[in-house]
Number of protein chains: 2
Amino acid sequence: MSIPLLNERDINFLLYELLDTESLLSRPRYQEHSKEVFNAVLDTAHKLAEKYFANHNAKGDAHEPRFVDGKVEMIPETKVAWQQYAEAGFLSAHCDMDAGGMQLPEIIVRAANAYFSAANTATSGYSMLSVGAANLIDSFGSEQQQQLFLPPMREGRFSGTMALTEPAQGSSLADITTTATAHEDGSYRIHGQKMYISGGDQNFTDNIIHMVLARIKGAPAGVKGISLFIVPKFLVNDDGSLGPRNDVALAGLLHKMGYRNTTSTVLSFGEQDGAVGYLVGEPHHGITYMFQMMNEARIAVGTGAATIAYQGFNAALDYAKGRPQGRLPDQKSAQSKQVNIIEHADVRAMLLAQKAYAEGSLALCFIASSLFEDSQTADSKSARLEAHLLLDLLTPVVKSWPSRYGLKANELAIQIYGGAGYIREYPVEQLYRDQRLNPIHEGTEGIQALDLLGRKVISQNGEGLKLLLIKIQTCLAAARKHDQLAEPCEQLAEALETLQTTTQVLCAHLATETNKTLANASVYLDMFGRVVMAWVWLQQADIACRALAGNPHQEDQWFYRGKLQTARFYLLRELPEVEHQARLLQRFDSSALDMDPHWFAGN
Amino acid sequence: MSIPLLNERDINFLLYELLDTESLLSRPRYQEHSKEVFNAVLDTAHKLAEKYFANHNAKGDAHEPRFVDGKVEMIPETKVAWQQYAEAGFLSAHCDMDAGGMQLPEIIVRAANAYFSAANTATSGYSMLSVGAANLIDSFGSEQQQQLFLPPMREGRFSGTMALTEPAQGSSLADITTTATAHEDGSYRIHGQKMYISGGDQNFTDNIIHMVLARIKGAPAGVKGISLFIVPKFLVNDDGSLGPRNDVALAGLLHKMGYRNTTSTVLSFGEQDGAVGYLVGEPHHGITYMFQMMNEARIAVGTGAATIAYQGFNAALDYAKGRPQGRLPDQKSAQSKQVNIIEHADVRAMLLAQKAYAEGSLALCFIASSLFEDSQTADSKSARLEAHLLLDLLTPVVKSWPSRYGLKANELAIQIYGGAGYIREYPVEQLYRDQRLNPIHEGTEGIQALDLLGRKVISQNGEGLKLLLIKIQTCLAAARKHDQLAEPCEQLAEALETLQTTTQVLCAHLATETNKTLANASVYLDMFGRVVMAWVWLQQADIACRALAGNPHQEDQWFYRGKLQTARFYLLRELPEVEHQARLLQRFDSSALDMDPHWFAGN
């Protein structure tokens, strides 16, 4: 496979020029590390991803997991990939050394995982979920639970899942019906069905630990009555050895459009006596705990989406550079040589859009990872709080923007390939199918939009938003020093003003006219995302201008000019749509609300 | 299958309220018909489509055609569908009764075919191509060619293809390399390879007639050196019986993302002595002839795209009406009953967008069909010319708008289904995969954009555009009489002004700064399309207002209110984006042109 997974020069840029990852070395937790260690980790990830993940990305799509006699059959490369990932220590890379980990900062782990998801988003899904499940036990489980389950999960003998969704409940977790009944031995018995559980069964680990949301009998209605349980596929004896099979049955596999080598399962809990489950933390606090995992997962989904877009961009660029077709419009002579399609303005525009979406998404997710890191390990308490507030605000954008525009990027990659893009002999159609999941899982676009406008912009008296505005203003002040950025800066300043006004208008009505105000939340999310992405690109352009002033070597000149031009493209072509969105939001457009369901009738 | 194929009430509306299809009965060619005949034809199409096409839409996707021992194996339902379609006379429905046809107007044939493509776009592809191939022979073939090939093609014993694309040439037909050598018997010998040939082989007709573009040895370079040939799979004796196999070999099948039950083939012509081909019409006029078929195909692609979008919309509407999930934002009580998701503003907005795209696309394609009809059978020569000019201008929009926004509609249908939309157990993900082909084949988006701005708006001194502007002004004048349409009318009037100014600015530079002016042709195509679609919707809204004034029965009230609200949605929410597009176009934004290919480097 000659198409690069990501772009090492760009990863380097994001880590050490956009973000000051090196400065983490001064924090107590990372003092034993060095930039060389960080880079060696990334290099290992890159190599393993190419060798053990990219090798079966297409194969796992063509030969998806099958349900045979109640068990999952899947291609053997999946197990090898899992083992290599585990053996290299990535399942516990973020853990303290005392706990057997590598004590690596979040951003390095995130960058390492970006290589794996670029190589094979489906196979890399298992580890993402397992780490999230283990982290939940780590944060909220009892010491006994931690001792029993964490070592095998960190070592890769057990995997983990998040079992939230039920056949009748997806977005509305408040209504889940799976029950938990207290048992005399202190454990619980779980009854119910879960659906769309990724990695809910597979054939490559000894055991699977399901983190299950269920309702203890008699609990209050709604999210305040939901508890979190550890439900292992096989019970685990006190000495860590496997006990009998728990009452969790694989009822079937779902057949996805893409993302196929991640099993999507229907699981039945308690078809016989009830599945044994262990309460995590306090009763009725399950949603709060689970949100830790969901927030992690949302950054992971954003990053995964960014990497699929990146793969498509790399492939389309490669194709556009080498495919001769047609001539420029002013060249009429049929005798003249054909040009490679990268010479056509339309193809270049499609490549630029992909670059804006893919690199911009990855940059955004890395910024989010860096905020997560700061929220945990920044020197001062105020810096930690600030990072937390900002990340909290940005999470809906981090989840949804790369998913939405990543899909658009993958659509454009197909378009550049033309007919070749539509056939399975080339890689881009699978990327598009894989990507289509991302705007759905871990909270749909609509859910993220309600979260942003209905909660995040107003929470903590809007402190998160204020912080973001200051960040953007600071970036603008720096970028204005470069003449080349005058126009883009003007655009962003205007858009920022528009965002502020619109937010004020909406928030003034949120409490009193909730439905009407939230009716266009998805438009607000897109508008907000455009401003955030413009900020992400302006930061990159500012760095590029400064670097170019130093007259770097040829390849770096190209690299920085590319960043600069992409920033111009995004800020001048895509950002200004916020003006129309703002008008629509500010007049509380009720086209959708006013549409009586009967009026759809007639068919 | 409980999801309706289209919406009979809407088809009725388009044919008899938006268009005056009944008035065709006064034209000499249709005097023997009646509205009842038209409706009976549509009824037959609807029933056959449900029974013989919808029945294997999913099966043909799951069990795509296979290449076994040089032959195609495919599911047997395909042959039954073909036979039913042929036996009902649809392959020759548009032909004169003298020629064994039904002498039906274009619009009725188009509406009938809409049912078949809604039911199974892949299986319906074969007949669309066959009819186009036969029409080419009908228009440009010799009497002998017509006598030999037309009867079996019209009866369905032979099918037809259009063989343009080669492995190295898709969009750039000027560069095709397949050769034709004159043979002493007056025929030619064809050598070369064709790729992505839909229906290039199958197992359900006795013979396949390929309409092949090739270059006669010594012909001029470019499109002016391309000729059109009839190349049958089996040679046909003078008495119509089949002769030996021609030297056309199936080299392989391509494996598509969707649209799978239409074979996509690689064909080798002349691996042995050369495939026997018969020149159609004059040498070197092949492209001109083929454009007849391509223009037909472009309307067919638009209509097909509209019907796939329509299917997705119908499915999503059905799902949204019956799926309970969550509560309205102002309803916090967890004890309250969940609402069906159609109650959520965001879901309604997604349904409205789908309705705007699907019904709007179908209306546009029906308008195009009506123009085609008028260009052939309108009473006066000037009316025929006018219709021809307008259709010529609109063809790039008719091909591309439904393809682009149809895909968007299918994407939204998945989003409404949520997780269920992503799995193959539900129909919407296949529709999305099927639809993805439409922005690619029969001229990509980029090609349509260059055709519109580089040719169509300036051809015949811009007469076509002038006609369109008059049509839109007339529509505006009528619509302004309704108070409810004041706002939408204002939007369209403004957008129309913007379109005119932008077109003038661009056209003034087209000859002298061709590359720069055409650099953003795709943006122009989208802008132009928005105005056209706003006109399509305003016409429907105007009719709805008039109908509502007559206080119709309940179901019709709902139907017309739906049309009205969708028009408002489109004109107020989606049309105004032209303002931003116009600014970008008028300043000749060069973001893409200025992007040096080296700047993409670094990976």
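The values are calculated or read from the model by the stated rules, or taken from the named source; none is laboratory data. The model shown is predicted, which means the values in this text are computed figures rather than measured ones. Ideal geometry is used to build each Cβ from the backbone, glycine not excepted, and the neighbour counts take in all protein chains shown. Accessible surface is based on the protein model in full, side chains and every heavy atom, while ligands, DNA and RNA are left aside. Shrake-Rupley method; radii C 1.70, N 1.55, O 1.52, S 1.80 Å.
Rounded to the nearest 500, the helix-only mean residue ellipticity at 222 nm of chain A stands at -17000 deg cm²/dmol, with each DSSP H run of n ≥ 4 adding -39,500 (n - 2.57). Once you have a ≥ b ≥ c as the square roots of the Cα gyration tensor eigenvalues for the protein assembly as shown, tell me rounded if a/c is under 1.5, and otherwise prolate or oblate according to whether a/b is larger than b/c. Because a/c hits 1.5 or more and a/b exceeds b/c, the protein assembly as shown counts as prolate.
Taking the charge dipole of region B:448-593 about its Cα centre, with +1 at Lys and Arg Cβ atoms and -1 at Asp and Glu Cβ atoms, the residue from B:534, B:512, B:557 reaching farthest to the positive side is B:512. For chain A, find the longest principal axis of its Cα atoms and tell me its angle to the long axis of helix A:35-48, 0 to 90°, nearest 10. On a 0 to 90 degree scale, this one is about 80. Sorted from shortest to longest, the distances between the residue A:244 label points of this copy and the other copies are 7.6 nm, with each point 7 Å from Cα along the line through the beta carbon.
Let a ≥ b ≥ c be the square roots of the eigenvalues of the Cα gyration tensor of region A:461-593; is it rounded (a/c under 1.5), or, if not, prolate (a/b larger than b/c) or oblate?
Values: a/c = 3.28, a/b = 2.38, b/c = 1.38.
Prolate shape, in that a/c is at least 1.5 and a/b is the bigger ratio.
Ascending distances from the residue A:328 label point to its copies in the other chains, with the point 7 Å along the Cα-to-beta-carbon line: 5.9 nm. Within the accessible area of the protein assembly as shown, the carbon and sulfur atoms contribute 49%, probe 1.4 Å, all protein chains present.
In nm, what is the difference between 0.36 nm times the number of residues separating residue B:408 and residue B:96 and their Cα-Cα distance?
On the way: separation 312, 0.36 × 312 = 112.32 nm, distance 3.88 nm.
Length gained between residue B:408 and residue B:96: 108.4 nm.
Placing +1 on the Cβ of every Lys and Arg and -1 on the Cβ of every Asp and Glu, with no other charges, gives chain B a dipole of roughly 1180 debye about its Cα centre.
The aspartates and glutamates within cross-link reach of residue A:337, meaning a Cα-to-Cα straight distance under 13 Å and a gap of 8 or more places when in the same chain, are B:175. Measuring between their Cα centroids, region B:448-463 and region A:461-508 lie 41 Å from each other. Near residue A:381, which lysines are there with a Cα under 16 Å away, not counting those fewer than 8 places off in the same chain? Qualifying lysines at Cα under 16 Å: none.
With the cut-off at 1.5 for a/c, could you classify region A:422-511 from its C-alpha gyration tensor as rounded, prolate or oblate? Numbers along the way, then the final one.
Values: a/c = 3.03, a/b = 1.31, b/c = 2.31.
Oblate, since a/c reaches 1.5 and b/c is not below a/b.
With θ taken as phi - 60° and the Karplus curve 6.51 cos²θ - 1.76 cosθ + 1.60 applied, the whole-hertz 3J(HN,Hα) list for region B:412-429 is 5, 4, 4, 4, 5, 5, x, x, 4, x, 8, 10, 6, 5, 10, x, 6, 6 Hz, x standing for glycine and proline.
At most 16 other Cβ atoms within 10 Å and a DSSP loop assignment: could you name the chymotrypsin sites (Phe, Trp or Tyr not before Pro) in region A:498-594 that fit? Write down the numbers at each step before the final one.
On the way: sites: A:524, A:528, A:535, A:537, A:558, A:559, A:560, A:569, A:570, A:588; in loops: A:588.
Those that pass, being in a loop and sparsely packed, are A:588.
Taking the Cα centre of region B:203-339 as the origin, how large is its charge dipole in debye, to the nearest 20, when only Lys and Arg (+1) and Asp and Glu (-1) carry charge on their Cβ atoms? Show your work: numbers first, answer last.
On the way: 13 positive and 10 negative charges, 222 e Å.
Once rounded to the nearest 20, the dipole reads 1060 debye.
The 1.4 Å probe gives accessible areas that order A:373, A:463, largest first, as A:463, A:373.
Inter-chain Cβ neighbour count for B:318-331, averaged per residue, equals 4 (cutoff 10 Å, partner chain atoms only).
When Cβ neighbours within 10 Å are restricted to other protein chains, what is their mean count per residue of peptide A:189-199? Provide the component values of the computation, followed by the final result.
On the way: counts 0, 0, 0, 0, 0, 0, 2, 5, 0, 0, 0.
Partner Cβ neighbours, averaged per residue: 1.
Cross-link check: pairs A:355/A:471; B:51/B:408; B:59/B:233; A:59/A:456; A:563/B:355; A:563/B:516 evaluated at a Cα-Cα cut-off of 30 Å; pairs beyond the cut-off: A:59/A:456; A:563/B:355.
The mean number of partner chain beta-carbon atoms within 10 angstrom of a residue's beta-carbon across peptide A:345-356 is 6.
Ligands, DNA and RNA excluded, the heavy atoms of residue A:561 present near 90 Å² of accessible surface to a 1.4 Å solvent probe.
Between beta-carbons, use under 10 Å as the cut-off and find the net charge around residue B:548, counting Lys and Arg +1, Asp and Glu -1.
Counting the neighbours of residue B:548, the net charge comes to +2.
If you average the alpha carbon positions of region A:256-281 and of region B:332-348, how far apart do those two centres end up, in angstrom? Region A:256-281 and region B:332-348 have Cα centres separated by 27 Å.
Short-range pairs are left out: with C-alpha atoms under 8 Å and at least six residues apart, the relative contact order of region A:438-561 is 33 percent.
With protein chains left intact and a 1.4 Å probe, residues in the protein assembly as shown average 35 Å² of accessible area per residue. In chain A, Cα pairs under 8 Å separated by at least six residues give a relative contact order of 12 percent. Volume of the convex hull of chain B (Cα atoms only), normalised per residue: 186 Å³. Summed over both chains, the contact between A and B buries some 9000 Å² of accessible surface at a probe radius of 1.4 Å. Between the C-alpha center of region A:142-162 and that of region A:172-245 there is a gap of 14 Å. Sites listed here are trypsin sites (Lys or Arg not before Pro) in region B:418-504 whose DSSP assignment is loop and whose Cβ has at most 13 other Cβ atoms within 10 Å: B:481.
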